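To keep things clear, I will list the structure first and then write my remarks on it.
Quick note: the coordinates plus some simple rules give every number you see, no bench work behind them. Bear in mind the structure is a predicted one, so any value in this text is a computation, not a measurement. As a convention, Cβ positions derive from the backbone with ideal geometry for all residues, glycine included, and neighbour counts pool all protein chains shown.
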Amino acid sequence: MIVDVKDVHKRFGDNEVLRGVSVSVEAGEVIAIIGASGSGKSTLLRTINGLETVDSGEIAVNGVRVHERKTAREVHQYVGMVFQQFNLFPHLSALDNATLALRKVKRMKREQAREVARSALERVGLADKASAYPQQLSGGQQQRVAIARALSMQPQVMLFDEATSALDPELVGEVTKVMRELAEEGMTMLVVTHEMGFARETADRILYFDSGVIGEEGSPEQIFTDPKNPRLRQFLHRVL
Ligand code: ADP
Ligand code: MG
C-alpha cells in the first residue's frame with residue numbers, strides 16, 4: 001500500500017471539510033475522485049501532499065506519516081502534484097522550470113538535473129520546447145511542462161487536481177493523453193477530475209466525494225452504470 005488515509009478529519013473554522021475519509025491506494029492504482037465543488041476533493045489531495053495539516057486521523061505515504069508536520073517536507077520528494085493553474089515561473093524556460101526542484105530540493109548537480117528534466121519533458125512530448133518560456137507555450141503545453149516538473153522528481157505518486165479545468169476544450173486532450181500514458185506505465189495516481197470520460201476509461205477505482213465523506217466508491221463500470229447513492233445519481237445526471 002503506497003497511500004494510506006485513515007479516518008481523516010479536517011475543518012476550516014466551523015466548516016468541517018473532511019468528515020472521516022479513509023482511502024488505501026496500491027502501487028500502480030489509478031483513482032479518480034469526482035464530486036461537487038466544495039465537497040473536499042482538493043483538501044484531501046493537499047493533506048496527502050502535506051500542504052494541509054489534519055485535525056485527526058492518519059495519512060501515510062510510502063510509510064511516512066505525512067500528517068506529522070515535521071515529515072511533510074519529505075513527502076514532496078515522492079509525491080508530485082499538478083494543479084489547475086500551472087504555476088510555472090514565467091522568467092524560466094520549460095527546462096529550467098523542470099530543473100528547479102531537482103537543484104533546490106534534491107541538490108542535484110546542474111548537468112544531471114538538466115538531463116533528468118530533459119527526459120521528463122520528453123515523456124510529456126515536449127523535448128523540442130525545452131528552451132521555450134511559458135508565455136510562448138499554449139495552455140496545454142504549459143500544463144505538460146507542469147507535469148514534467150513533477151515527474152522530474154521521480155515521484156512514486158502523482159496527484160492531479162483538476163489538471164484540465166483551466167484549459168480551452170481543444171487543449172484538454174493533449175493533457176489527458178499524457179495522464180493516460182502515465183497510468184499505462186504504472187504510475188500511482190489520484191486524479192480529481194470533471195472529465196468523466198477520462199475517469200471511466202482510465203481509473204481502476206472511482207471515489208465519489210459528498211460533503212466531506214466518500215459517498216460511494218467502486219469500479220468505473222459500477223459507478224457509471226449502477227450508482228447506488230441517490231446523490232451520486234443526481235451528480236452524474238448533471239455532469240453526463
Ligand atoms: P473541492 O476541491 O471538492 O471543490 P475543497 O477541498 O477545495 O473542495 O474545499 C472544501 C471546502 O473547504 C470549501 O467549502 C472551501 O471553501 C473550504 N476551504 C478549502 N480550503 C480552505 C482554506 N484554506 N481556508 C478556509 N476554507 C477552505
Ligand atoms: Mg477542488
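The stretch between Q156 and S22 holds 46.3 nm of extra length on full extension. This uses 0.36 nm per residue minus the Cα-Cα distance. For segment 150-156, backbone phi angles converted through the Karplus equation (6.51, -1.76, 1.60; θ = phi - 60°) give residue-by-residue couplings of 5, 5, 4, 7, 6, x, 9 Hz, Gly and Pro being listed as x.
Model label points for Q135 and F224, set 7 angstrom from Cα along the Cα-to-Cβ axis, are 4.1 nm apart. Of all lysines in the structure, the ones whose alpha carbon falls short of 28 Å from that of K106, not counting any fewer than 8 places away in one chain, are K70, K129. Among the GluC sites (Glu not before Pro) in segment 55-126, those placed in a DSSP loop whose Cβ has at most 16 other Cβ atoms within 10 Å are E68. Less than 5 angstrom separates the built amide H of S56 from those of H9, all sequence-distant by 5 or more or on a different chain. Peptide packing: for 18-28, 46-56, the average count of neighbouring Cβ atoms within 10 Å per residue gives the ranking 46-56, 18-28, highest mean first. Only DSSP H runs of four or more residues enter the estimate; each adds -39500 (n - 2.57), and after division by the residues of the chain the mean residue ellipticity at 222 nm equals -11000 deg cm²/dmol. For the chain, the relative contact order comes to 26 percent (Cα pairs under 8 Å, sequence separation of at least 6).
Among bridges DSSP assigns within segment 87-240, what percent are antiparallel (round to 5)?
Approximately 50 percent, going by the DSSP bridge assignments.
Taking other C-beta atoms within 10 Å as the exposure proxy, K106, K129, K41 rank K106, K129, K41 from fewest upward. Here the Karplus curve 6.51 cos²θ - 1.76 cosθ + 1.60, taken at θ = phi - 60°, turns the phi angles of segment 6-13 into couplings of 10, 6, 7, 10, 8, 10, 10, x Hz, with x standing for Gly and Pro.
Among P90, T43, L240, flag the residue with its Cα farthest along the positive direction of the charge dipole of the chain, charges on Cβ as +1 for Lys/Arg and -1 for Asp/Glu. The Cα lying farthest towards the positive end belongs to P90.
Checking every one of the trypsin sites (Lys or Arg not before Pro) in segment 196-240 against DSSP loop status and a limit of 14 other Cβ atoms within 10 Å picks out K228.
Taking amide H positions as modeled 1.01 Å from N, with prolines and chain starts lacking one, the residues under 5 Å from T188 and 5 or more places away or on another chain are G28, M158. Modelled label positions at E201 and T53, each set 7 Å beyond Cα in the direction of Cβ, lie 4.3 nm from each other.
Scanning residues 5 or more positions from F209 or on other chains, those with amide H under 5 Å from its amide H are I34, G35, G215, with H placed 1.01 Å from N in the peptide plane. Toward the positive end of the charge dipole of the chain, with +1 on the Cβ of Lys and Arg and -1 on the Cβ of Asp and Glu, the farthest Cα among Y133, G197, G173 is that of Y133.
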